[in-house]
Amino acid sequence: MRFKLDRWAVAAFGSTLLVTAGCGGNGSTAPDYGPYPHERIDGDYDTRPSLARGLLVESLRLGERVLYASSVDPDLKVGRGSTVLVDYEGVTGPNSGPHHRVLDRYQVTGGFSALAANKPYDAAETSKKFLMVSLLAFPDEQTATAAAGDMERSDFEFNSDNVPVTLDAYPEALNHWRPGVPTVGSLLQWKSLVIQVFAEREEADLGALTEMVTSTLRQQLAALETFTPTPVSELASLRLDPDGLLPLLVKTGDYTPDDNDFSVYGVHTYATTRDTPAVDFEADQRRGLLAVAYSHNKVLYRLRDAGGATDFASYLTGAHTTPEYVPMRGVAHRRGITCGQATQPATQRIAARRFRCVITSGAYVAVVYSNVDTDVRQLAAAQDSVLAEKR
């Protein structure tokens, strides 16, 4: 689950620190790759039919169409994260418990959810605005209609205080709220998809809430206008990585498609994981970012050209996120590598984040992480060697 994917973002390195001493201080000019392979290793993750892979790819396709909440309300500019909703076991979240039980009875062929608010998670929760937009895909229109109806019924069964709400612009939408509570839930079937909206405002003003939901549905429908859901018969043939980005990262784990550990995100989807999605999306487009690949403790950014990659690496090493990083000794005789050490523990992250190196090579920028300083430099050297094959 990829809430607050700034876990993948790169923090401040400050100025570049270049040294000529070998890793470990022995003065050797031979690269120290440690235990890591330093040649490209291809896999068959995209060559065989796989329904699990197809569900992930279809979910990421939906992520490319989910709207940014700030287009509904400029106050909703703070990203609260996003997540792929579906895997081979079914719907994973962040839907409610009643919805989960309903959806367990259906074949869901893709799902993506993006969350935003007017305040970050660590801010006071009073007087807040919040918007969650989820897109769920089903085999056909009839199934999507039935699923939306069952989800709405489950909400009323779960809480008898719910009251139906009608949207003048979308009378077919299924909506409800609890009088006095400043939230509205909405479900709208479109083709074989269900658009799910959960909106919250500072006050229990039903008119303002329904206006917020109506605007969300209108803009989300516009974003889906040219989207064609993948037929169930073609799901297993969808490719996760048609441009072959993932083998450009050092192989440190299984080549098993996974939204967190082995996947490729488009620029729009990647922005949903950022602190300010709409602003970050526009900035990434200006920088020439084309795609982002994740492979365990490594990230690969593909840029339009080598100049764009150099600029993007400078942006990454100059970005101020939490935790902050300070420069540390890099990798001997490798001028395209900049390394840093966190100034404090990454308490909100499970994965290793204590040490980090940014590697620039041609039109690519890679970031590698470790909790051991020697290890991160070995991994960075191996990563630089793998990318050198593309130069």
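GNM on the chain, C-alpha springs below 10 Å: top fluctuator among 374, 210, 226? Judging by the Gaussian network model, the answer is 226.
The lysine pair tally for the chain, using Cα distances under 14 Å and a gap of 8 or more places or different chains, is 8. Here region 277-321 is described by how far its Cα atoms reach on the three principal axes: 27, 24, 19 Å, from widest to narrowest.
The residue 191 and residue 373 beta-carbon pair, evaluated with R₀ = 56 Å, returns a calculated FRET efficiency of approximately 0.60.
Over the residues of the chain, the helix contribution to mean residue ellipticity at 222 nm works out to -8500 deg cm²/dmol, using -39500 (n - 2.57) for each DSSP H run of at least 4. Using the 1.4 Å probe convention, the accessible area of the chain works out to 43 Å² per residue with neighbouring protein chains retained. Classify the chain: rounded, prolate or oblate, from the alpha-carbon gyration tensor (a ≥ b ≥ c, eigenvalue square roots; a/c under 1.5 rounded; otherwise prolate if a/b is larger than b/c)? Taking the square roots of the gyration eigenvalues as a ≥ b ≥ c, the chain is prolate. Modelled spin labels at residue 42 and residue 243, positioned 7 Å past Cα toward Cβ, are 1.9 nm from each other.
Restricting region 38-127 to trypsin sites (Lys or Arg not before Pro) that sit in a DSSP loop and have at most 14 other Cβ atoms within 10 Å of their own Cβ leaves 105. Applying the criteria of a DSSP loop state and at most 12 other Cβ atoms within 10 Å to the GluC sites (Glu not before Pro) of region 53-107 yields 89. Our estimate of slack between residue 202 and residue 30, defined as 0.36 nm per intervening residue step minus the Cα-Cα distance, is 55.8 nm. Between residue 290 and residue 101, the modelled labels are 4.9 nm apart [label points 7 Å from Cα along Cα→Cβ]. The 3J(HN,Hα) values that the Karplus relation (6.51, -1.76, 1.60; θ = phi - 60°) gives for region 297-314 are, in residue order, 9, 9, 9, 10, 10, 9, 10, 5, 7, 5, x, x, 5, 4, 5, 5, 4, 5 Hz. Gly and Pro appear as x. Over all distinct Cα-Cα pairs of region 155-231, the Kirkwood formula returns a hydrodynamic radius of 13.2 Å.
When each of the peptides 270-279, 173-182 is scored by the mean number of other C-beta atoms lying within 10 Å of its residues, the order from highest to lowest reads 270-279, 173-182.
The values are calculated or read from the model by the stated rules, or taken from the named source; none is laboratory data. Everything quoted here is computed from the prediction, not taken from an experiment. Here Cβ is always computed from backbone atoms with ideal geometry, including for glycine, and neighbour counts include all displayed protein chains. We work out accessible area using only protein heavy atoms, side chains counted, and drop any ligands, DNA or RNA first. Shrake-Rupley method; radii C 1.70, N 1.55, O 1.52, S 1.80 Å.
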